[in-house]
Amino acid sequence: MKNLKGILAIFCVMAVLVFAGCTEQQTSNVSQEEQVVTVYVAYGGLDLIADEFEKDTGIKMEYVSLSSGEALSRLKAEQSNPSADVWLGGGIDAFISAQQDGLLEAYKSPNAKDIDPLFVEEDGYWTGVSLVTIGILENTGLLSEKGLPQTQTWDDLITEDYSGELIASNPTVSGTAYFTICGILQMYGEDEGWNYLDKFYQNTPFLTKRGSGPGNLVTAGEYAYGVAPDPHTTLIADSELPVKSVFLNKVIWWPSPVSIVSGAKHPENAKIFVDWCLSKEGQEVLMQASPRVPVRGDIEVIDGVPNPKDLDFLDMDFMYWGENRDRILDEWESRYREISTTE
C-alpha cells in the first residue's frame, strides 16, 4: 500500500509539472500575441518608427504600407474581421469617410491634452500626429533679378507683382490643391473666396497636376513663386538651393492622423501606440522620420521645421469640405477649366 501511495504521489507531481508547463507555454503565447500591434500606414521612415516604438514600449509594430485609398478600401473589405489595429497617416478626407462608415473606434488619448484642439477630432475618432502645411516657396535668385517682392500675406498673391510668376496645382487632380482652395474659401468666406480665386488665377500662367509641381518649378528657377505643401522640407533636403519657404498670415493645413480601427484585435496595444505617437518622445521620432510640423509645441523641432506655436493656423472645417467636395470642384471647373494643366 505504501508503494501504491508513493506511485500515486509521483504521478500527481508529474501531472502538476506537465500542467504547469502547458500553462506556462499558453501564457507565453498569449504574452507574445499581446506584444504586437498591426498598423496600416502612409508615412515616411517606417522602420525608424517601428524600431523606436518597440524600444519604448516592448510592443512590436507590424505594418503594411498603403496609400489612403488602399487603406480605406481594405478597412471596408475587412470590416467584420479587421487585420489592422491602427491606421496611421494619409489624407484626412479618407479618415472622415472611414469615421462615417463606422470603421474607426473613438479614443481620447490622455496625451491629447497637450495638443491644440484644432488638431483633434472632438470625439476622438482621429488625432493629428503631424501637419501638412501650405506655404509659398520663393526663388530668391529670381526675386533679386526681377525686383519682385517677398510674400507675407495671402492678399499679396493677387497683386500685379505676381502676374505670370505664380504657380499652383489643379484641385481636380491634386489633393494638396483641393485643400488649398478649401482653406481660401474658409478664410474669406465662399462668396469673397471665389472673388479672391478669380484674381489669384489671373496671376497663374498654368497649373500642375501634382501638388509638388509648383515647388519643383520654383526650385528649377523657372518661376518665382509656388504654392507648396510643407515648403520647409525643400531646404531640409538641400540647404544650398536658392529658395526660401514662407508661411503666410494664415496657415492652411490638414492633419496626418492616427486612429484605432473598430474591432481591433489588440485594442490595448492600439491605445498604447496612439499614446506614444502623441507623446513628446513619439513626436520627436515621427519628426525625424518625416520632417513635418509636429502637433505638439513643447518639443525641440529639428533644424528647418517650424514649431506649431509659431504659426497662425486657420480653423479648418474638414467635415464640411469633405461633404461638399463635388460641389466645390464643379464650381471650380465652371470658372477655371480654361486654365491649362501640365505635368
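The values are calculated or read from the model by the stated rules, or taken from the named source; none is laboratory data. Please read these numbers as outputs of a predicted model, since none were measured by experiment. Every residue, glycine among them, receives a Cβ derived from its backbone with ideal geometry; neighbour counts consider all protein chains shown. Note: areas computed on protein heavy atoms with side chains; ligands, DNA, RNA excluded. Shrake-Rupley method; radii C 1.70, N 1.55, O 1.52, S 1.80 Å.
Listing for the model above:
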item: GNM flexibility winner over the chain from Asn269, Asn170, Asn216 (Cα, springs under 10 Å); result: Asn216
item: Reachable lysines from Lys271, criterion Cα separation under 28 angstrom, eight or more residues apart if same chain; result: Lys55, Lys60, Lys76, Lys108, Lys113, Lys280, Lys309
item: Estimated dipole of region 127-190 in Debye, rounded to 20 [Cβ of Lys and Arg +1, of Asp and Glu -1, Cα centre]; result: 260 debye
item: Pairwise Cα inverse-distance average, inverted: Kirkwood Rh of the chain (Å); result: 22.3 Å
item: Shape category assigned to region 247-343 from the gyration tensor of Cα positions, a/c cut at 1.5; result: oblate
item: Dipole magnitude (debye, nearest 20) for region 172-259, charges at Cβ of Lys, Arg, Asp, Glu; result: 100 debye
item: Full-extension gain in nm, Glu300 to Asn324, via 0.36 nm per residue minus C-alpha separation; result: 4.9 nm
item: Where labels lie 7 Å past Cα in the beta-carbon direction, separation of Val173 and Glu281 in nm; result: 4.5 nm
item: Accessible area of region 93-175 belonging to carbon and sulfur atoms, whole % at 1.4 Å probe; result: 42 percent
item: Rounded to 10°, Cα long-axis angle of helix 175-188 versus longest principal axis of the chain; result: 60 degrees
item: Förster radius 30 Å - calculated FRET efficiency between Leu118 and Glu333, Cβ distance, rounded to 0.05; result: 0.50
item: Residue (of Ala77, Ile299, Pro229) at the positive-pole extreme of the chain, dipole from beta-carbon charges; result: Ala77
item: Acute angle (nearest 10 degrees) that the helix 325-336 long axis makes with the longest principal axis of the chain, alpha-carbon atoms; result: 20 degrees
item: Residue-normalised accessible area of the chain, expressed per residue, 1.4 Å probe, Å²; result: 48 Å²
item: Contour excess over end-to-end distance, with Cα ends at Ser340 and Asn249 and 0.36 nm allotted per residue; result: 29.9 nm
item: Degrees, to the nearest 10: 68-77 long Cα axis against longest axis of the chain; result: 40 degrees
item: Theoretical gain in end-to-end length, Lys146 to Asn216 [0.36 nm per residue, Cα-Cα removed]; result: 23.2 nm
item: Cα convex hull of region 25-128 - mean projected area over all directions, nm²; result: 7.8 nm²
item: Within a Gaussian network of the chain (alpha carbon springs, distance under 10 Å), most fluctuating of Ser259, Ser97, Ser245; result: Ser97
item: Check: the chain dipole with +1 on Lys, Arg Cβ and -1 on Asp, Glu Cβ, in debye; result: 1340 debye
item: Part-to-part distance (alpha-carbon centres) for region 121-171 and region 260-328, which is given in Å; result: 21 Å
